[in-house]
Amino acid sequence: MITNKQIADAIFPNITLTIEDLEKKYPLRNLVAGAEVTRFAPSPTGFLHTGSLFTSMICRKVATQSNGVFFIRLEDTDMKREIAGSGERLIEQLKIFDVVPDEGYFGDYEEGNYGPYIQSKRSEIYHTVIKYLLEIGLAYPCFCTPEEVEAIREEQEKLKVNPGYYGQFAKYRNISNEERYQRIINGERYVIRFRSEGNHENKIKVTDLIRGEFEIAENDQDIVICKSDGLPTYHFAHVVDDHFMRTTTVIRGEEWVASLPIHVQIFDAIGWNKPNYAHLPVIMKLDENTGNKRKLSKRLDSEAAVSYFIEDGYYPKALIMYLMTIANSNFEEWILKNNFEHMEDFIFNLNKMSLDGALFDMGKLNFFARELFAKLNKDEITLFAKHYADKYAPELAKRINYNPHYFAEIMNIDREKINPRKDYEKFGNVLDIIGYFYQDLYEAEVAKGLPFNDRFTKEDLIEALVAIKNNLSCEQDEQAWFNSLKEIGAKLNYATNTKEYKANPAAYKGNIGDLAEILRITLTARKNAPNLYSVMKVLGKDESDRRINHVCSLLVK
């Protein structure tokens, strides 16, 4: 009579380790009371989704604030979907947002005592546990062909019963060990299934750190735990990994709630303590076509990919800060009170998360981006801009690298004030905002036409510009400069204040605001630009005069 152990030995003849050996090799972590061990476990199958950044940020925060451990594990057992190099890119992108693990998979190396941290390198561990399950009768080889699986599905459709491999439909669940053994030594292809003792009509109680306690149908499916290529399935591998890596809290998306009965069942069957589970709400998007909420989609939404924010030049902390407002309802009030600083001091709490999926709000992200941008000094901005532009924005890079000091002075306009300007959100459009400081871009804008007020004749404009060129100097403080501009205006019959002009507009050519606008348009080709005094200071006397002469020559034609 063939025993379960003989079946297990036939399938895994080279596995000599036992579960007890693994328990000794990967002991409980020596951490302070209350310390959480969390993990982020991406698959190398594509880009880093914004929802994955959201999850990993929370995992990092929960571990850090509890003096615990945050590790990254690469779940690469789905070889068909793997994209070469995507694992390394995921790590690189997480690092940009300061989501760095304490141990685990680091892209080009691994570090820590609970590895390997790449699932495809952990076969011996999985096979040891599967061999144990085979020996105690909680797993069995299944020889179903694709045709047999399809036939089972068709029968279930006719009977209008739940689909899957369970109960009377589990064709190879109850065959004899003799038949199993013979098929194995004959070289038949098989997978290994977990033997479920569940009934989907029964309910089990589960506790979620966000949703609280709720009931869900018990698992009755004999799920595949090891594929025919010897690699484990996600459902099985992550249970084994979380046990031997000593994960205390599994934080993942709410799409995994439906799989919770499977995972709980496997933990219980082996006799392992279950980690706590927290299933995060998904990030939603308001569909422009339907007006309905839907999940943020990597196929439809550019903001679903973290690379979008990197390549568009957002300051990374802005996205993290915005995502934290989704994570905890009290964070926004806290960060406003703390002047957008020391985010690391915020105490995150899983039970303050909303159960509903939050809408991704680009407007609010841009608000945080502007606030954080305004807190950077010119050197920080220049360093970040250069790093960004060298990789993603060659036109901006060309200008920064030619004269970094000039770029820094442009970005410093109205920055060293109690209330600095907040018109920058990202580096992706910085050149659109400051382009007029560069001669070629300025002249391209001038060629499109200058938006002077039609009330002024060409002669009026030339008269004003010549007077300014001859009499206005930036070699004085801003108040003295503005007084000089008013004096020039008064001589040309421009009212020196709005009140005078409104009282008797017919008596004046315009007001001091009109004169300043004439100069602003001449120097920047725009009606709206930063502090005019600062613009002239950055351009310098020679370039300002050249622009005035250029515009005057165009007006003469």
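The values are calculated or read from the model by the stated rules, or taken from the named source; none is laboratory data. Computed from a predicted structure; not experimentally measured. Note: ideal-geometry Cβ built from the backbone for every residue, glycine included; neighbour counts use all protein chains shown. Just the protein is used for accessible areas: all its heavy atoms, side chains included, with ligands, DNA and RNA removed. Shrake-Rupley method; radii C 1.70, N 1.55, O 1.52, S 1.80 Å.
Assorted remarks:
- Mean-position separation - Cα centroids, the range 133-183 and the range 491-555, in angstrom: 84 Å
- Taking amide hydrogens as placed 1.01 Å from N in the peptide plane, the amide H of GLY46 sits under 5 Å from those of ILE83, each at least 5 positions away in sequence or on another chain.
- Solvent-accessible area per residue for the range 1-147 (1.4 angstrom probe, square angstrom): 46 Å²
- More than 21 angstrom apart: percent of Cα pairs within the range 377-462: 40 percent
- Interchain or long-range residues, amide H under 5 Å from MET284's placed H: LEU296, ALA358, LEU359, PHE360
- DSSP-loop trypsin sites (Lys or Arg not before Pro) across the range 380-419, with at most 16 other Cβ within 10 angstrom: LYS417
- Between GLU150 and PHE340, the contour length at 0.36 nm per residue exceeds the Cα-Cα span by 62.7 nm.
- Rough spin-label spacing in nm, given labels placed 7 Å along Cα→Cβ, for LEU159 and ARG526: 7.0 nm
- Shown here: Cα Rg over 2.2 N^0.38 Å, derived from the displayed model; of the candidates (i) 1.10; (ii) 1.18; (iii) 1.37, it corresponds to (iii).
- Report note on the peptides 6-17, 30-41, 229-240: ranked by the mean count of other C-beta atoms within 10 Å, highest first, their order is 229-240, 30-41, 6-17.
- Cβ-Cβ FRET estimate between LYS293 and ASP423, R0 fixed at 35 Å, reported to 0.05: 0.65
- Cα-based shape type of the range 263-412, given that a ≥ b ≥ c are square roots of the gyration tensor eigenvalues and the cut on a/c is 1.5: prolate
- For the residues LYS375, LYS25, a 1.4 Å probe over the protein chains yields an accessible-area ranking, largest first, of LYS25, LYS375.
- Above-threshold pairs, the threshold being 28 Å between Cα atoms, out of LYS5/LYS25; LYS298/LYS375; LYS61/LYS337; LYS352/LYS391; LYS158/LYS274: LYS298/LYS375; LYS352/LYS391; LYS158/LYS274
- Nearest 10 degrees, 0 to 90: helix 512-524 Cα axis against the chain principal axis: 60 degrees
- Solvent exposure of the range 449-557 amounts to 51 Å² per residue of accessible area, where only protein heavy atoms count and the probe is 1.4 Å.
- Of all lysines in the structure, those lying under 18 Å Cα to Cα from LYS227, and not within fewer than 8 positions of it along the same chain, are LYS80, LYS121, LYS131, LYS171.
- DSSP bridge analysis restricted to the chain gives an antiparallel fraction near 55%, rounded to the nearest 5.
- For the range 221-328, diffusion coefficient by Stokes-Einstein and Kirkwood Rh (Cα), 25 °C, 0.890 mPa s, µm²/s: 145 µm²/s
- Apportionment of accessible area to carbon and sulfur, the chain, percent (1.4 Å): 49 percent
- Here each label is just a point 7 Å from Cα along the line to Cβ, and for GLU543 and GLU215 those points are 7.3 nm apart.
- Neighbours of LEU90 by Cβ distance under 13 Å: Lys/Arg scored +1, Asp/Glu scored -1, total -3.
- Taking the chain and dividing mean pair separation by its residue count, relative contact order in percent (alpha carbons under 8 Å, at least six apart): 11 percent
- Helix-only [θ]222 nm of the chain, DSSP H runs n ≥ 4, -39500 (n - 2.57) each, per residue, nearest 500: -14000 deg cm²/dmol
- Viscosity 0.692 mPa s, 37 °C: Kirkwood-radius Stokes-Einstein D of the range 107-203 over Cα pairs, µm²/s: 203 µm²/s
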